[in-house]
1. Taking into account only those residues within region 162-193 that are touching a strand residue (DSSP E or B) at 6+ places or on another chain (Cβ under 7 Å) and open to solvent by 50 Å² or more (accessible area, probe 1.4 Å), which is farthest from G82 (Cα to Cα)?
2. Just the residues that are within 16 Å of E129 (Cβ to Cβ) and small (G, A, S), please, taken from region 70-118.
3. So the check is Cβ under 8 Å with 6+ separation or different chains; which pairs have a first residue in region 200-226 that's free of Cβ contacts under 8 Å to residues at least 12 places away in the same chain and a second one that's assigned to a loop (DSSP other than H, G, I, E, B) and open to solvent by 20 Å² or more (accessible area, probe 1.4 Å)?
4. Going by the conditions given, is S156 among the hydroxyl-bearing types (S, T, Y) and modelled with pLDDT under 95?
5. Which one is farthest from the chain's Cα centre (by Cα) among residues in region 71-101 that are without any contact (Cβ under 8 Å) to a residue 60 or more places away in the chain and within 16 Å of I124 (Cα to Cα)?
6. Considering only residues of region 63-82 that are hydroxyl-bearing (S, T, Y) and in a strand (DSSP E or B), which is surrounded by the most Cβ atoms within 10 Å (Cβ to Cβ)?
7. Check region 163-180 and report whether any residue there is closer than 30 Å to K92 by Cβ, in contact with a helix residue (DSSP H, G or I) (Cβ under 9 Å, 6 or more places away or on another chain), of a type in the set (S, T, Y) and modelled with pLDDT of 95 or more.
8. So which residues in region 116-136 are within 20 Å of M206 (Cβ to Cβ) and open to solvent by 40 Å² or more (accessible area, probe 1.4 Å)?
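The values are calculated or read from the model by the stated rules, or taken from the named source; none is laboratory data. Remember, predicted model here, so these are calculated numbers, not experimental data. Here Cβ is always computed from backbone atoms with ideal geometry, including for glycine, and neighbour counts include all displayed protein chains. Areas reflect the complete protein model, heavy atoms only, side chains present, ligands, DNA and RNA absent. Shrake-Rupley method; radii C 1.70, N 1.55, O 1.52, S 1.80 Å.
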Amino acid sequence: RNWLLINTTMAGKVPLEKLHYKAVDASQIEPLLRGMKGGSVQAKLDGASTLIQLMKDGAEAISYRTSKVTDKPIVHTERMFGHKPYQQVPKKLQGSILRGEMYGERKGKPVPIQELNALLNSSIARSLEIQKAKDIQLKTLLFDIEQRGQERIDKSKVPYSDRLKMVEELIPSLPHPELFSMPEEAKTPDEALALWAQIMAGKHPMTEEGVVIHPELGTPLKAKVLPEADVYATGIFPGIGKARDAGGFTYATKPGGPTVGKVGTGLSQALRAELGAD
């Protein structure tokens, strides 16, 4: 008959920003990989950038974005775990912050980005309902660390290979560690070229996006199979959940040209509302 309710909503803004990689044209990637010395080349997932923070009794999965409505962080913890997970975290690791890429997995393969966005933009109850109905499990690929316990990691001094070891050591302290994974790595020119060729051929099981190159020290690089380009909107298409008014837009490659594709990711709620109003 007696209840104790504890508000665990995060009040402050996320102290970190999304990583911005230096883009490399796909035509230049092979010479770059042939000359690589050290570092790590990884398959680039088409997911949602996420921070995982270890608390005293569990972990939070947090978006870099801030809610336009509440001006508070967007928390995906319950969407990913299905509940509020509790697991005692060693005191020396409390406060650790990991960088990751959240994705939806169905039958061992990632779901299209439009489905992932629908899960992350829906209410918690609706998201869990969709996940169950479509047999989707949200997971997170962890690829870097910002803070170990209360110690901030200086990326200008700590090599990437050492940072990945820290990430791997932290995974057992996360609730439901089976929902987290380490990145597939290519560490030699031959391995990197083989990974790039596999992705270029559309034969990689996790992505058709491209690769990310993490040097031991310095800014990561990214290369996409399909180059980025300016496009011209030709219409909108409906989505589901909060994005039902405008799931995204179709586009042409030149003014007045034929529709050749569509975009349903990377759009803020405000932009979706503006598209829907038009």
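1. Of everything passing the filter in region 162-193, K187 is farthest from G82 (Cα to Cα).
2. Hits for region 70-118 are G82, G104, A118.
3. Sorted first by the residue in region 200-226, then by its partner, the pairs are G202/E208.
4. yes
5. The selected residue is H83.
6. Selected residue: S63.
7. Scanning region 163-180, I find no residue that is closer than 30 Å to K92 by Cβ, in contact with a helix residue (DSSP H, G or I) (Cβ under 9 Å, 6 or more places away or on another chain), of a type in the set (S, T, Y) and modelled with pLDDT of 95 or more, so the answer is no.
8. The answer is K134, D135.
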